[in-house]
1. Take each of the peptides 48-56, 116-124, 68-76, average the number of other beta-carbon atoms within 10 Å over its residues, and list them starting from the highest.
2. What does the highest-first list of 168-174, 60-66 look like by mean Cβ count within 10 Å?
3. What does the charge dipole of the chain about its Cα centre add up to, to the nearest 20 debye, if the Cβ of each Lys and Arg holds +1 and the Cβ of each Asp and Glu holds -1?
4. Amide H of VAL18: which non-local residues (sequence gap of 5 or more, or other chain) have their own amide H closer than 5 Å, using H built in the peptide plane?
5. Considering the chain as a Gaussian network with a 10 Å cut-off on Cα pairs, which listed residue, GLY107, GLY23, GLY133, attains the greatest mean-square fluctuation?
6. Determine by what factor the alpha-carbon radius of gyration of the chain differs from 2.2 N^0.38 Å, reporting the quotient.
7. Tally Lys/Arg at +1 and Asp/Glu at -1 over every other residue whose Cβ is under 12 Å from the Cβ of ALA117; what's the total?
8. Could the peptides 92-100, 181-189 be put in order, highest first, of the mean number of other beta-carbon atoms found within 10 Å of their residues?
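What follows draws every value from the coordinates through simple rules; no lab data is involved. Only a predicted model underlies this, so the values are computations on that prediction, with no experimental measurement involved. When we count neighbours, we look across all protein chains shown, and the Cβ atoms used for this are built from the backbone with ideal geometry, even at glycine.
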Amino acid sequence: MTTGTTTGTRDAPDAGLVVGEDGLARPVWASKDLMLREYYDGEWGLPVRDERGLFERLSLEAFQSGLSWAIILRKRPAFRAAFADFDPDAVAAFDDRDVERLLGDPGIVRNRAKILATIGNARATIALRDQGGLAEFIWSFQPAATPQPRTVDEIPSRSPESVAAARALRSQGFSFVGPTTVFALMEAVGIVDTHLIGSHRRGTSGVWPAG
């Protein structure tokens with residue numbers, strides 16, 4: 001995926017934010033790389049409440065463990081092609097030949113443990129349908145309040161809810177779902193809002209107010 005950079009940015013009064021040439025304030029990580037800026041502006045933190053969408057994001061967060069999110073985002077089209085667009089029923093049917101195919105695919109992260117976890121998590125996702133489904137299960141851990149960070153250092157990497165959700169997911173047969181991974185998922189799909197106060201995206205999810 002081709003990326004570019006923004007120009008003419010300046011620091012915003014709130015530490016950790018940069019005001020772009022378009023006049024919008026973003027965190028530093030989303031202010032230079034065009035791919036990350038577009039992801040931040042149009043996707044990150046918006047509510048995802050469907051099974052396939054949650055399964056995809058849970059899978060990608062697991063693959064991201066130990067790597068930068070930019071690597072995963074650049075590889076997302078290849079991940080979608082390799083994992084049947086993250087259709088849980090299709091992925092749950094993957095066999096040993098599919099595992100070897102995935103291990104030979106240079107477009108994705110070729111980690112056997114993470115590949116096997118994704119297949120196992122697809123099967124666990126199907127099993128959860130009898131309990132209301134993956135989306136209802138994950139959203140049931142929405143906290144009563146969301147963080148209100150002004151700097152990146154004030155953004156938590158886990159929460160009591162992500163610890164509880166990770167424990168509950170593991171009890172349902174999921175793997176690679178530690179509290180940090182689950183908290184990152186919660187941020188990505190709008191369960192919590194960790195946009196910095198002063199960012200143009202703060203409070204835009206419709207789940208939480210801007211303050």
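1. The packing order, highest mean first, is 116-124, 48-56, 68-76.
2. Result, highest mean Cβ count within 10 Å first: 60-66, 168-174.
3. 360
4. ALA12, ARG26, VAL28
5. With Cα springs under 10 Å in the chain, the top fluctuation among GLY107, GLY23, GLY133 is at GLY23.
6. Computed over Cα atoms of the chain, the ratio equals 1.05.
7. Within the 12 Å Cβ shell, the charges total +3.
8. Output ranking for 92-100, 181-189: 181-189, 92-100.
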